[in-house]
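Worksheet: the structure to be examined is printed underneath.
The values are calculated or read from the model by the stated rules, or taken from the named source; none is laboratory data. Just so you know, these numbers come straight off a predicted model, no measurement behind them. Here Cβ is always computed from backbone atoms with ideal geometry, including for glycine, and neighbour counts include all displayed protein chains. Just so you know, the surface numbers come from the protein's heavy atoms only, side chains and all, with ligands and any DNA or RNA stripped out. Shrake-Rupley method; radii C 1.70, N 1.55, O 1.52, S 1.80 Å.
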Amino acid sequence: MIHTLKALGGMQVAPHHLAAQAGRDVLREGGNAVEAMVAAAAAIAVVYPHMNAIGGDGFWLIHEPGKPMVAIDACGPAAALASSDFYAGLDAIPARGPTAALTVAGTIGGWAKALEVAAPWGPPLPLSRLLADGIRHARDGVAVTTSQAQLTRDKLAGLKDAPGFAQAYLVDGEPPPPGHVLRQPALGQTLATLAERGLDDFYRGTLAASMGAELERLGSPLRTSDLAAYTAQLVEPLAVQLHDCTVYNLPPPTQGLAALMIIGLFDRLGVTEGEGFAHLHGLVEATKRAFRVRERVVTDRSRLPADPQTLLEAAALDALAAQIDPRQALPWPDPAAPGDTIWMGAIDAQGRAVSFIQSVYWEFGSGTVLQDTGVCWQNRGTSFSLDPNALNSLQPGLKPFHTLNPSLAVFHDGRVMPFGTMGGEGQPQTQAAVFTRYARFGQPLQQAVSAPRGLLGRTWGDESTTLKLESRFDPGLVAALRGAGHEVVVLPEAFSDTMGHAGALVRHASGVIEGAADPRSDGSVAGV
């Protein structure tokens, strides 16, 4: 029996249990959903370092009852020196090392902007309280998860020579075993400095000066001036209108457009029963159409070839849905993009809800760990192309394509549902699977997250673009999908990390909050 957990006083879900508890404890002390999320974000940057770090990016959706949805873009742009000349002689930007660390880390700026949004809600908890769990886990240590141990071993060849990586995350040059106590004293001191001096110190203070100098010394194009020029932005969220709700996500440079398109397209297919051929085939075919649009449209907002919101209007979705054959697969593959991330959700007792995502792109990002501050820097800029004619060609000051995209649905009956996942190419697909199971086929929230999942394309550095299915799918359904033209690979695992680490919360009009964490992760739901 799969049970969905419930609470009344607030709830936090995260893919690591210590982060969920950090957010829950802030809610219990009277903090709001944004404050809880900052606490959880600081904690998970310490306890799940292969998935995210404060040297990465973040995106927020913040719902306040009766108010317009707030979206925060906390994605950093390419450094002023990050031009094609900087990478002259190369076919692509290196995936690891200092030259892969070419974009500003925006996530701390996102924390600051979100706390500004929440400032009118009442007296704030001190920043020292919000960062306390992250500081404690960095200084006292945290038990390495099986996920971290395995990914470190799998990706060691590309990471071991990145500056600072071995000192931060290896044990005598080897990946740590599960349960090894990982201490990160420099990172703990950095979080303590932020608690004392304010989050702005990351960009325009002593921390910024230290990080900028070390990045330059290591050979990154980033400079202190790039950090000083950065501020997270409030942006207009994208939205798709369905018959019973509105679903929100982030605009470009994220692939939020694709996530909303998949949901909007599937809603038009008339599928009446979950978990069968029509459900899975419909999601996969909607994904293909959405990804083709994404590859044509999603880039830095300054060079968008089309208004993404127009692609979510009813007429546009109707026309695209009409192209989907309910019995036959569209030939594939098309280009795909990898990524590694965390998604978390929070809802407080007043009904304010947050859908949040934080990432360093690939596992451990660039692998470059700054010795003075303990900050592991992202490699998000490697999604830029060195081809000057590409949609996402590298240009200083522009933002790279982002797989990150948190979702939040507001139902006409008063329910509010933040939901999301990590998993690169799989993010919009998993979101659509969880949403349709819950909202269209009436599955309990935890079942919607736990049920077997599929993924079209690659993730976690996988180059294959096949349709991957967990082993729990019925063999008859697998045969039907193959018969329809899908190139199916059945994974050996019943619960595979390939499918990402999803989560969801739902607050009902009665005030009851439900939560679901992914059994594929190390996470949990924590309620008040």
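Kindly identify the stretch 45-158 as rounded, prolate or oblate by the Cα gyration tensor criterion: order the square roots of the eigenvalues as a ≥ b ≥ c, call it rounded if a/c is under 1.5, otherwise compare a/b with b/c, prolate if a/b is larger, else oblate.
oblate
Helix check for the chain. Which DSSP H runs span at least 20 Å along their own axis by Cα, with a mean Kyte-Doolittle hydropathy no less than 1.6?
33-47
Out of the total accessible area of the stretch 239-345 (probe 1.4 Å, heavy atoms of protein only), what percent is carbon and sulfur?
Its accessible area is 54 percent carbon and sulfur atoms.
Could you check what % of the DSSP bridge pairs in the chain are antiparallel, to the nearest 5?
90
Leu391 to Glu236: extension gain in nm, 0.36 nm per residue of separation minus the Cα-Cα distance?
53.6 nm
How large is the accessible surface per residue of the stretch 229-294, computed with a 1.4 Å probe and reported in Å² as a whole number?
Per residue, the stretch 229-294 has an accessible area of 29 Å².
Bins of 20 Å, beginning at zero and ending with the bin holding the largest distance: percent of Cα pairs per bin for the chain, please.
25, 60, 15, 0
Using Cα positions and a limit of under 20 Å, work out the lysines in reach of Lys67, with same-chain residues fewer than 8 apart set aside.
Within reach: Lys113.
What accessible area per residue, rounded to a whole number of Å², is obtained for the stretch 1-100 using a probe radius of 1.4 Å?
Accessible area per residue: 31 Å².
What residues from the stretch 376-401 fall in the zone where the backbone N is under 18 Å from a label point 7 Å along the Cα-to-C-beta line of Asp91?
Hits in the stretch 376-401 for Asp91 at 18 Å: 382-390, 394.
With unit charges on the beta carbon (Lys/Arg positive, Asp/Glu negative), name the residue among Leu404, Gly141, Val38 whose Cα is farthest towards the positive pole of the charge dipole of the chain.
The residue sitting most towards the positive pole is Val38.
Taking GluC sites (Glu not before Pro) that fall in a DSSP loop and have at most 14 other Cβ atoms within 10 Å as cut points, what is the longest piece of the chain between them?
30-272
Evaluate the distance, in nm, between pseudo-label points positioned 7 Å from the Cα of Asp307 and of Thr246 along their respective Cα→Cβ axes.
Simple spin-label model gives 1.6 nm for this pair.
Gain in length, Ala315 to Ala494, computed as 0.36 nm per residue apart minus the alpha-carbon separation, to one decimal in nm?
60.5 nm
Students often forget the sequence filter, so: which aspartates and glutamates lie under 18 Å Cα-Cα from Lys155 once same-chain residues fewer than 8 apart are removed?
Those aspartates and glutamates meeting the cut-off are Asp172, Glu174, Asp340, Glu363, Asp462, Glu463, Asp497.
Any chance you could run the full-extension gain for Gln350 through Asp200? It's 0.36 nm times the residue separation minus the Cα-Cα distance, nm to one decimal.
Working it through step by step, the gained length comes to 51.1 nm.
Measuring from centroid to centroid over Cα atoms, what is the spacing of the stretch 374-439 and the stretch 148-204 in Å?
Taking the Cα centre of each part, the stretch 374-439 and the stretch 148-204 sit 24 Å apart.
Roughly how many Å is it from the Cα centre of the stretch 450-528 to that of the stretch 289-306, as a whole number?
Each part reduced to its Cα centre gives a spacing of 26 Å.
In debye to the nearest 20, how big a dipole does the chain give about its Cα centre with +1 on each Lys and Arg Cβ and -1 on each Asp and Glu Cβ?
400
Decide, for the stretch 125-178, between rounded, prolate and oblate: order the square roots of the alpha carbon gyration tensor eigenvalues as a ≥ b ≥ c, take rounded if a/c falls under 1.5, and otherwise choose prolate if a/b is larger than b/c, else oblate.
prolate
Roughly how many percent of the accessible protein surface of the stretch 363-414 is carbon and sulfur, given a 1.4 Å probe and a whole-percent answer?
46
Check cross-link reach from Lys288 to the lysines: straight Cα distance under 28 Å, and skip same-chain residues fewer than eight apart.
The reachable lysines, counting only those whose Cα sits under 28 Å from Lys288, are Lys399, Lys468.
Would you compute, from DSSP H runs of 4+ residues alone, the mean residue ellipticity of the chain at 222 nm, taking -39500 (n - 2.57) per run and dividing by the full residue count, rounded to the nearest 500?
Using -39500 (n - 2.57) per qualifying helix, the result is -9000 deg cm²/dmol.
Can you find, among Gly426, Gln21, Trp377, the residue sitting farthest towards the positive end of the charge dipole of the chain, where Lys and Arg contribute +1 and Asp and Glu -1 at Cβ?
It is Gln21, whose Cα lies furthest towards the positive end.
Mind running the shape call on the stretch 152-223? Use the C-alpha gyration tensor, a ≥ b ≥ c as the square roots of the eigenvalues: rounded below 1.5 for a/c, prolate if a/b tops b/c, oblate otherwise.
Oblate is the answer for the stretch 152-223, as a/c is 1.5 or above yet b/c matches or exceeds a/b.
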